[in-house]
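J.: Let me give you the structure first, and then I'll get to my questions.
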Amino acid sequence: GGHPRNLGDKSVVYLNRLCFLPGLRVHGGASRLLKAFANKAKELGFSSIASWSDNRWSEGGVYIKMGFSLSRPKRGS
């Protein structure tokens, strides 16, 4: 999907939601979902995937495990 912080960069696709049920664990599940998403994004011509973490619920550790680099939004964004 799109994201309001994208600023018109059409090479980036956003993973808008990555949610887990409390207490449910599927080892490697997030990585397998990301791999399928990345394959489809590449097929559609995107060169980058971005996402965000609502730090009220988690600190985004799953993103680090999947190879994302973390950054903070610029002030006012």
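The values are calculated or read from the model by the stated rules, or taken from the named source; none is laboratory data. Computed from a predicted structure; not experimentally measured. Ideal geometry is used to build each Cβ from the backbone, glycine not excepted, and the neighbour counts take in all protein chains shown. Remember, those area values only see protein heavy atoms, side chains included, never the ligands or the DNA or RNA. Shrake-Rupley method; radii C 1.70, N 1.55, O 1.52, S 1.80 Å.
J.: Assuming Lys35 fulfils every condition listed in (1) part of a loop (DSSP other than H, G, I, E, B); (2) among the basic types (Lys, Arg); (3) modelled with pLDDT of 85 or more apart from one, which condition is it?
T.: With respect to (1) part of a loop (DSSP other than H, G, I, E, B); (2) among the basic types (Lys, Arg); (3) modelled with pLDDT of 85 or more, Lys35 is out only on (1).
J.: Tell me, which residue of the stretch 1-32 that is out of contact with any Lys or Arg (no Cβ under 9 Å at 6 or more places or on another chain), open to solvent by 90 Å² or more (accessible area, probe 1.4 Å) and under 17 Å from Ser71 (Cβ atoms) is modelled with the highest pLDDT?
T.: Leu7
J.: So, in the stretch 41-77, of the ones that are modelled with pLDDT of 85 or more, small (Gly, Ala, Ser) and surrounded by 10 or more Cβ atoms within 10 Å (Cβ to Cβ), which residue ends up farthest from Ala30 (Cα to Cα)?
T.: Looking at residues that are modelled with pLDDT of 85 or more, small (Gly, Ala, Ser) and surrounded by 10 or more Cβ atoms within 10 Å (Cβ to Cβ), I get Ser47.
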